[in-house]
Amino acid sequence: MKFEEVLTHLGGIGRYQKIQITLMSLPAIVTAMHALSFVFLGATPEFRCKVPNTEGLSNSSCSLPQGKKGQCYRYDFGEIGCLNVTANTSRTLASCNEWVYDDSFYKTSLTVKWNLVCDDVYKKAVAQAVYMFGMLVGAVVFGDLSDRFGRKKIFMISLILQLTCGVLLAFSPEYISFVILRWMLGAGHSGSFISAFVIGMEFIGPKYSYIGGVVPNFVFSLGFVTIALLAYLIRYWKWLQLAITAPGLLFLSYYWIVPESARWLLQKGRYEEAKEIVLKAAKINGVKIPKKLLEEVTGRGSTEINKI
């Protein structure tokens, strides 16, 4: 007897399924905020070259080319200095190694902290690409581990990984450690999202399976809206990073709230545990599972379980 027949008796989308899919979708808010966070953490305010020895003077602009070029280059007058420039003075372009940033909106950002502008602007793209690569690795590694050790266990490990890396990111001393932590954070992203998706979906009937796909992705999109609001309210990158990480603490309570995947328990021969979960779902939905059907699904040998 296939597990889908149990779902038919439970009801395609009863109270238990609604609670389960809601609970397992909520962590996607934090995951989404981490995925989009670098847009705000690494925001680039208006900036220009810092002019040595003349900052704050009314004629310091004589050392800067017009337009965007003044962001990455300045005129080098050698020993003459900007204050002694005449119309006949030759102007040699030199690359900037210091910058002045506008802090009227973003009080601090990673771009300002590590000067991710001009020749180093590519590092911003690298940081986000590394995060996406972490997601790829996490999907493969945590997907396999969840098959071996259980969906819930890998879900919790991924949550802890996200929480730990999220906090450490706020205190990254330099760019390399930040990128490594972003890679680990991306891996935790996939581990938590995939495991949560499987747990949330497994009791939803085939007719309503689309709900199991729509709800997590809708909640994920809410995470994008949430971080945009937080970034508007919190203009300091370190505090913003901690703010989007902190809600992860709440989801650690899932260890006591969310059950293991019943399908996975059946595949591992842990029939009594799976039976308890099915009976709990039936009780919450106000239905009864035929005793014979329940015994067939949770009490037969490996030949029957392989059909699940």
Next item on the list: Could you tell me which of the residues 253, 261 is among the polar types (S, T, N, Q) and surrounded by fewer than 14 Cβ atoms within 10 Å (Cβ to Cβ)?
Entry: 253
Check: Conditions: (1) assigned to a helix (DSSP H, G or I); (2) open to solvent by less than 30 Å² (accessible area, probe 1.4 Å). Residue 176 meets all but one. Number of the miss?
Finding: (2)
Next item on the list: Could you please tell me which pairs satisfy a Cβ distance under 8 Å, a separation of 6+ or placement on different chains, a first residue in region 254-277 that is on the phi > 0 side of the Ramachandran plot, and a second residue that is open to solvent by less than 40 Å² (accessible area, probe 1.4 Å)?
Entry: 269/305
Item checked: Failed item, numbered, when residue 155 is tested on (1) over 16 Å from residue 238 (Cβ atoms); (2) of a type outside the set (Gly, Ala, Ser); (3) open to solvent by 10 Å² or more (accessible area, probe 1.4 Å); (4) touching a residue at least 24 places away in the same chain (Cβ under 8 Å) -> (3)
Next item on the list: For region 96-116, name all the residues that are farther than 15 Å from residue 38 by Cα and of a type in the set (A, V, I, L, M, F, W, C).
Entry: 96, 99, 100, 105
Next item on the list: Taking only region 199-210 into account, find how many residues are in a helix (DSSP H, G or I) and among the β-branched types (Val, Ile, Thr).
Entry: 1
Notebook entry, point to check: If you go through region 120-128 one residue at a time, do you hit one that is acidic (Asp, Glu), under 23 Å from residue 17 (Cα atoms) and surrounded by fewer than 22 Cβ atoms within 10 Å (Cβ to Cβ)?
Noted result: no
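Yes/no per residue for (1) open to solvent by less than 40 Å² (accessible area, probe 1.4 Å); (2) at pLDDT 95 or above; (3) in a helix (DSSP H, G or I); (4) of a type in the set (A, V, I, L, M):
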site	(1), (2), (3), (4)
197	no, no, yes, no
212	yes, no, yes, no
227	yes, yes, yes, yes
235	no, no, no, no
239	no, yes, yes, no
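Counting only residues that are hydrophobic (A, V, I, L, M, F, W, C) and at pLDDT below 80, give me the helices (runs of 4 or more DSSP H) lying completely in region 243-308 with at least 1 of them.
In region 243-308, 291-299, 302-305 are the helices (runs of 4 or more DSSP H) which contain 1 or more residues that are hydrophobic (A, V, I, L, M, F, W, C) and at pLDDT below 80.
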Note to self: Considering only region 180-192, I want to know if a residue exists there that is assigned to a helix (DSSP H, G or I), β-branched (Val, Ile, Thr) and under 28 Å from residue 12 (Cβ atoms).
What the structure shows: no
Next item on the list: Have a look at 205, 188 and point out the one that is touching a Leu at 6+ places or on another chain (Cβ under 6 Å), surrounded by 15 or more Cβ atoms within 10 Å (Cβ to Cβ) and within 26 Å of residue 284 (Cα to Cα).
Entry: 205
Check: Of the residues in region 67-95, how many are more than 30 Å from residue 234 (Cα to Cα) and either surrounded by 12 or more Cβ atoms within 10 Å (Cβ to Cβ) or modelled with pLDDT of 70 or more (or both)?
Finding: 17
Check: Just checking, how many residues over region 153-176 are under 18 Å from residue 109 (Cβ atoms) and among the charged types (D, E, K, R)?
Finding: 1
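The values are calculated or read from the model by the stated rules, or taken from the named source; none is laboratory data. Because the structure is predicted, anything quoted here is derived from the model rather than measured. Neighbour counts are summed over all protein chains in view; Cβ atoms, including those assigned to glycine, are modelled from backbone coordinates with ideal geometry. Note: accessible area is taken over every heavy atom of the protein model, side chains too, but ligands, DNA and RNA are not part of it. Shrake-Rupley method; radii C 1.70, N 1.55, O 1.52, S 1.80 Å.
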